[in-house]
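J.: Dumping the structure here so I can ask a few things about it.
The values are calculated or read from the model by the stated rules, or taken from the named source; none is laboratory data. All values reported here derive from a predicted model rather than from experimental measurement. Every residue, glycine as well, gets a Cβ built from its backbone with ideal geometry; the counts of neighbours run over all protein chains shown.
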C-alpha cells in the first residue's frame with residue numbers, strides 16, 4: 001500500500017504537469033488573440049461631443065436659373081443658430097450617432113456688397129415664403145446609421161444616414177463627411193445637396209419665371225465638437 005507521503009507526491013506531480021501544460025498553451029496563443037479575448041467590451045467605448053457653434057461653419061449655396069439666369073445672382077446663406085451632439089465610438093463607428101438642430105429663422109444672407117434694402121427683402125422672402133419659419137421653426141437631422149472607412153490615424157471617410165425634418169417633411173438623407181477624431185475634439189467637414197421641392201418648398205421666381213432659384217441647393221459645413229466627460 002502507498003503511504004500518505006507517496007500519495008501527496010503523486011498529487012503534486014499531477015498539479016505541476018497540468019500547470020506546465022496550461023503555461024505552454026498560453027505561450028502558443030498569439031499575443032493579439034490573448035489581448036482581444038481579455039478585453040471583449042473595448043469596441044463599445046463611446047465618447048460624447050457637444051457642438052461648438054462659435055468655432056463651426058454651416059452654409060447653404062442657392063443658385064439662380066431660368067431663361068434670364070445670367071441676370072440673377074447665386075447666394076450664400078449662413079446658418080447662425082444651431083446646436084448638436086454626437087456619440088462617437090472610434091473602434092466601431094457604426095455604433096456612433098448624431099443629432100443636429102437648426103433654428104430656421106437664423107439663416108441669413110452673407111453675400112458681400114448687398115445693400116440693406118435688398119438684404120432685408122431677400123431674408124424676409126426666405127424666412128416667410130420659403131421656409132415659413134413661424135410654422136416650421138426648427139430643422140432637425142437625426143442619424144440612423146453611420147458607416148466609415150479609416151484612411152489614417154484618427155481620420156475617417158464617413159457616410160451619415162438619417163432623417164431630415166424640414167418644412168414639415170421628413171426624408172431620409174445621406175451626408176458624406178471627413179472625420180478627425182481626437183481625445184478632446186471632433187472635426188467633421190463635408191458637402192451635400194438636396195432639392196427644395198422634395199420638402200414641399202416652392203423655389204422663388206421673378207419676372208414671370210424668367211429668373212428663378214433652382215430647386216437644388218448645396219450645403220457645406222465644418223463642425224467642431226468638444227468632448228464632454
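J.: Given the criterion surrounded by 13 or more Cβ atoms within 10 Å (Cβ to Cβ) and either farther than 15 Å from residue 86 by Cβ or not assigned by TED's automatic domain parsing to the domain that holds residue 51 (or both), identify the matching residue among 189, 165.
T.: 165
J.: Still on this structure, I have one more. Could you tell me which of the residues 175, 224 is within 19 Å of residue 85 (Cβ to Cβ) and in contact with a helix residue (DSSP H, G or I) (Cβ under 6 Å, 6 or more places away or on another chain)?
T.: Testing whether each residue is within 19 Å of residue 85 (Cβ to Cβ) and in contact with a helix residue (DSSP H, G or I) (Cβ under 6 Å, 6 or more places away or on another chain) leaves just 224.
J.: Does the stretch 196-206 contain any residue that is closer than 28 Å to residue 90 by Cβ, at pLDDT 95 or above and assigned by TED's automatic domain parsing to the domain that holds residue 94?
T.: no
J.: Let me ask something else. Which count do you get for residues in the stretch 88-110 that are surrounded by 14 or more Cβ atoms within 10 Å (Cβ to Cβ), out of contact with any helix residue (DSSP H, G or I) (no Cβ under 8 Å at 6 or more places or on another chain) and either farther than 12 Å from residue 58 by Cβ or free of Cβ contacts under 8 Å to residues at least 24 places away in the same chain (or both)?
T.: 7
J.: Residue 156 is checked against (1) within 30 Å of residue 212 (Cβ to Cβ); (2) under 25 Å from the mean Cα position of the chain (by Cα); (3) in contact (Cβ under 8 Å) with a residue 60 or more places away in the chain and fails just one. What number does that condition carry?
T.: Single failed check for residue 156: (1).
J.: Shifting gears a bit: Which condition does residue 133 not pass, out of (1) free of Cβ contacts under 8 Å to residues at least 24 places away in the same chain; (2) surrounded by 14 or more Cβ atoms within 10 Å (Cβ to Cβ), if it passes all the others?
T.: For residue 133, the exception is condition (1).
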